[in-house]
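Beneath this line is the structure, given in structure tokens, with notes to follow.
The values are calculated or read from the model by the stated rules, or taken from the named source; none is laboratory data. All figures in this text were calculated on a predicted structure; none of them were measured in a lab. Methodologically, a virtual Cβ is constructed for each residue, glycine included, from the backbone with ideal geometry; neighbour enumeration extends over all protein chains shown. Side chains included, ligands, DNA and RNA excluded: accessible areas come from the protein's heavy atoms. Shrake-Rupley method; radii C 1.70, N 1.55, O 1.52, S 1.80 Å.
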Amino acid sequence: EENFVKVNYFEAYAQMGLDALYYGSGFLKHTVGLEKKFKVEAVNIDELLVANEDEPHPKELIQRVWTTKTEAIAKVGDNKAAAEAILKAQTAYEAFYFGPGELNCENVVAMLEGWTLPDEQGNPGRHVLVVGDYTLVDEDWKDPELPFEKWDFHPVPSSYFGQGLAEILLQYSEWIDQLLQTMQESWMRSGTGKWMVEENSAVNTDTLGDINAAVCTFLGTAPKLETFEPIGEYAQAWVNVLVDMGMKRAHVSTNAVAGEIPKGITAAVAIEKWAQIDDTSFAEMINRLENVVVGSTYQFVRLAKKVKPSFTQPDRTKQIIDWDKVQIDGDRPPLLQGFNVGKLGQTVAAK
């Protein structure tokens, strides 16, 4: 855990989960980078370009990051040729044009990093990093996987990208918004009393509004005050039905929304069992999260055997890991397992 903290893994892991919740898929990128620093970072889905989004396991991928020329030059260090190429690179002004004077992107350029996996015959793939017309990195890629671990909030069959909660609940949200708008308009139109005045009654209508204890003179039919029901109770009931349907679609319980434990559950064992039951709908999702952590560990080990960072073994001995001695069965270290935190105790003492 200490070593994961050093590379800010848990912050990136949490951001990956939020990205997946909103956008459908969250990505963790494991890299060394131009700075020669061992790191992991959450990558926004909009940065990733794949040849075919309907291919669930793409063999090539491009990450496009928009950055300023100043930041790009800082990353290349003393490489003067790269710095000159960045200064001459085509800017993103046309891609982000919002009209004169509104947003100036003349200093923004795109850094493109791409990967191609090795083929079935064992020939290495390729890893490149370019900015403008200058190639910063061009090397063989021998790893069997792309440097990303992906978690989908809701997997979509035959697709690389998943489905987020916002998209899942989009139809329910639209229905609820339409109904609430109708209810509000009805309240505004019919929520106040209206005077019913016969056209030939010769009523002085100026005395009917905004004057307390007004004297109203009339000839013929007397005016009558009517108060209409703006909208039936069924409307609010139907809103509740739609909200309930949305919660069931997202597998969220009423107690989870309220953040409350059901009444009568007080014992530590009972609380733990209730938490496990409450998480049952998310069991498959949690299992996939475990796979992300295990996959990240594989990524770390493969990178570490290349760059040999100073990592301390997370046990009582605090032994510094000798990466040359770390065994890898094929492309993956053996005996790695992710543990589901939902199976741990939920009380303070158990934690």
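The listed residues C216, C105 rank as C216, C105 when sorted by accessible area, largest first, using a 1.4 Å probe.
Element breakdown for region 26-93 at a 1.4 angstrom probe: carbon and sulfur atoms account for 49% of the accessible area. Among the listed pairs K142/K318; K59/K142; K6/K69; K29/K306; K88/K142; K36/K306, give every one whose C-alpha distance is greater than 22 Å. Pairs exceeding the cut-off: K142/K318; K6/K69; K88/K142.
Spin-label model, E55 to S310: label points 7 Å out along the Cα-to-beta-carbon direction sit 4.2 nm apart.
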